[in-house]
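Everything on this sheet refers to the single structure shown next.
The values are calculated or read from the model by the stated rules, or taken from the named source; none is laboratory data. Note that the structure is predicted; figures quoted are calculated from it, not measured. FYI the Cβ positions are ideal-geometry reconstructions off the backbone, even for glycines, and counts take in every protein chain you see. Protein only, heavy atoms only, side chains kept; ligands, DNA and RNA dropped before computing areas. Shrake-Rupley method; radii C 1.70, N 1.55, O 1.52, S 1.80 Å.
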Amino acid sequence: ISTLVLAYNPEDHGYLTMDGYKPYIEAVVDFVLDTKNISTIAWVCTVGGTGAVSSGFNMHARVAKQCVKADPSVIIWSSSWWNYKALAQREWMNIQEVNHLNPENNIDMNAYKDAIMNVSPWTMLVVQAGDSHNTTGRNFDRQQFIDELIPLINQKNIHVLIDCAYLGLWWTYNDERA
């Protein structure tokens, strides 16, 4: 990813469009979601992390309310970054909080699976791709997310907002430290 950032012409000081820099977006999608298929991925270039989450919640809520006449919902974990809840409340989204950790202090995959399987239409799951706002210090590993949650997400046709604050390089960082 850093190679692509450096490949961007520093002499061109013009602003990027809301679509962002496509080679960079493609690299981030490949890194975070482990896919080169971006045909079903939506993204927008925003100012800052809170602005990105706010834009995602706003887009989700507006489409739900105005286009499909549904009540938008969001799944967040109970000990996550407090701004998720505040931003969702600002959009009048129904909030479902999930316990992130089980009694053994591991990711509570059963809580996430139950939450996903029992959602209403037009639900968004917020996932952090890193520990930037994660007070627990525990994150999904890539296989847990891909093997256990993605099939349920696809089955229930819910949207996912992946918060990649600070580029969300946690998986790579942990892999390199091992």
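If you take the residues in the range 137-146 that are assigned to a helix (DSSP H, G or I) and over 13 Å from residue 112 (Cβ atoms), which one is most open to solvent (accessible area, probe 1.4 Å)?
Applying the filter and picking the extreme gives 143.
Within the bounds of the range 69-76, is there any residue that is within 24 Å of residue 155 (Cβ to Cβ) and either part of a helix (DSSP H, G or I) or open to solvent by 60 Å² or more (accessible area, probe 1.4 Å) (or both)?
yes
Residue 101: surrounded by fewer than 20 Cβ atoms within 10 Å (Cβ to Cβ) and out of contact with any strand residue (DSSP E or B) (no Cβ under 6 Å at 6 or more places or on another chain), yes or no?
The answer is yes for residue 101.
Which of the following residues is at negative phi and modelled with pLDDT under 80: 112, 84, 24?
Of the residues listed, the single one that is at negative phi and modelled with pLDDT under 80 is 24.
Just one of 125, 149, 169 is crowded, with 17+ Cβ neighbours inside 10 Å, modelled with pLDDT under 80, under 15 Å from the mean Cα position of the chain (by Cα) and of a type outside the set (Gly, Ala, Ser); which is it?
Just one listed residue meets the conditions, 169.
Identify all residues within the range 90-113 that are of a type in the set (Asp, Glu) and free of Cβ contacts under 8 Å to residues at least 12 places away in the same chain; write none if there are none.
104, 108
Out of (1) open to solvent by 20 Å² or more (accessible area, probe 1.4 Å); (2) at pLDDT below 90, the odd one out for residue 134 is which?
Every condition holds for residue 134 apart from (1).
Please give the number of the condition residue 78 fails out of (1) modelled with pLDDT under 90; (2) within 15 Å of the chain's Cα centre (by Cα).
Going through the list (1) modelled with pLDDT under 90; (2) within 15 Å of the chain's Cα centre (by Cα), residue 78 breaks only (2).
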